[in-house]
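Participant: Below you'll find the structure I mean.
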Amino acid sequence: MVSVAKKSVKKKTWHEKLETGKKVKIVDIPADWARTLGHGKMVILTPHIINDHIKKLHKGKLTTINDIREKFAAEYNTDTTCPITTGIFVWISAGAAEEDRVDGIKNITPYWRVLKEGGKLNPKYPGGVKHHAVLLEKEGFTIEKGKTELSWKVKDYESHLA
């Protein structure tokens, strides 16, 4: 039996992922997405654009992923913003921010101010819903805890939207 040495692939850091995709793309909404998104044009942003947007969210202000999508669809004069890449890019921002926190950086991207639709907390953020809740509570927000963590949300989040 011959053994084959596996190549070690270095995993990219969150900051390296943040720097991928240097160009915004405007594409036709895929036909299989048209039932939910409609027909027309869709903008695909970059992780860096999403991160810069989140950095501008001041303490006491919140947004949702869908609000971000609406803002950039209007800015790029398209019918929508890609829901998949927007979610992924917010997640990348969160990972890069937590890398910064580990490195002792104090002024990190406040990804915890980005909620899911309906003011729900994001289980995909570093540390999951519980860590997301802790970061929001540190800023004075009240978390309504539902039957499961997936239903946790910020109380009266609408009154804090940017």
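The values are calculated or read from the model by the stated rules, or taken from the named source; none is laboratory data. Not measured: the values here are computed from a predicted model. Because the Cβ atoms are built from the backbone with ideal geometry, glycine has one as well, and the counts that use them run over all protein chains shown. Areas reflect the complete protein model, heavy atoms only, side chains present, ligands, DNA and RNA absent. Shrake-Rupley method; radii C 1.70, N 1.55, O 1.52, S 1.80 Å.
Participant: Tell me which residues, restricted to the stretch 103-125, are open to solvent by less than 60 Å² (accessible area, probe 1.4 Å) and outside any helix (DSSP H, G or I).
Facilitator: Across the stretch 103-125, the qualifying residues are GLY104, ILE108, THR109, PRO110, VAL114, LEU115, LEU121, ASN122, PRO123, TYR125.
Participant: While we're on this one: State the number of residues belonging to the stretch 137-154 that are free of Cβ contacts under 8 Å to residues at least 24 places away in the same chain, open to solvent by 60 Å² or more (accessible area, probe 1.4 Å) and touching a strand residue (DSSP E or B) at 6+ places or on another chain (Cβ under 8 Å).
Facilitator: The qualifying residues number 3.
Participant: Return the residues of the stretch 46-78 that are over 12 Å from the mean Cα position of the chain (by Cα), surrounded by 13 or more Cβ atoms within 10 Å (Cβ to Cβ) and either outside any helix (DSSP H, G or I) or modelled with pLDDT under 95 (or both); say none if nothing qualifies.
Facilitator: Scanning the stretch 46-78 gives LEU57, LYS61, LEU62, TYR76, THR78.
Participant: Tally the residues that are in a helix (DSSP H, G or I) and closer than 15 Å to THR63 by Cα, restricting the search to the stretch 137-162.
Facilitator: Of the residues in the stretch 137-162, 4 are in a helix (DSSP H, G or I) and closer than 15 Å to THR63 by Cα.
Participant: Please state which one of GLY95, GLY119 is under 13 Å from LEU62 (Cα atoms) and in contact (Cβ under 8 Å) with a residue 40 or more places away in the chain.
Facilitator: GLY119
Participant: Quick one: what pairs do we get from the stretch 22-44, first residue closer than 17 Å to ASN66 by Cα and assigned to a strand (DSSP E or B), second modelled with pLDDT of 95 or more and of a type in the set (Lys, Arg), C-beta under 8 Å, 6+ apart or different chains?
Facilitator: As it stands, the answer is VAL43/LYS25; ILE44/LYS25, since those pairs meet every condition given.
Participant: Taking the stated definitions as given, is VAL134 among the hydrophobic types (A, V, I, L, M, F, W, C), assigned to a helix (DSSP H, G or I), open to solvent by less than 10 Å² (accessible area, probe 1.4 Å) and farther than 19 Å from LYS56 by Cβ?
Facilitator: Considered against the rule, which asks whether it is among the hydrophobic types (A, V, I, L, M, F, W, C), assigned to a helix (DSSP H, G or I), open to solvent by less than 10 Å² (accessible area, probe 1.4 Å) and farther than 19 Å from LYS56 by Cβ, VAL134 comes out as no.
Participant: Condition test on VAL129, is it under 17 Å from ALA162 (Cβ atoms), open to solvent by less than 20 Å² (accessible area, probe 1.4 Å) and out of contact with any Gly (no Cβ under 9 Å at 6 or more places or on another chain)?
Facilitator: no
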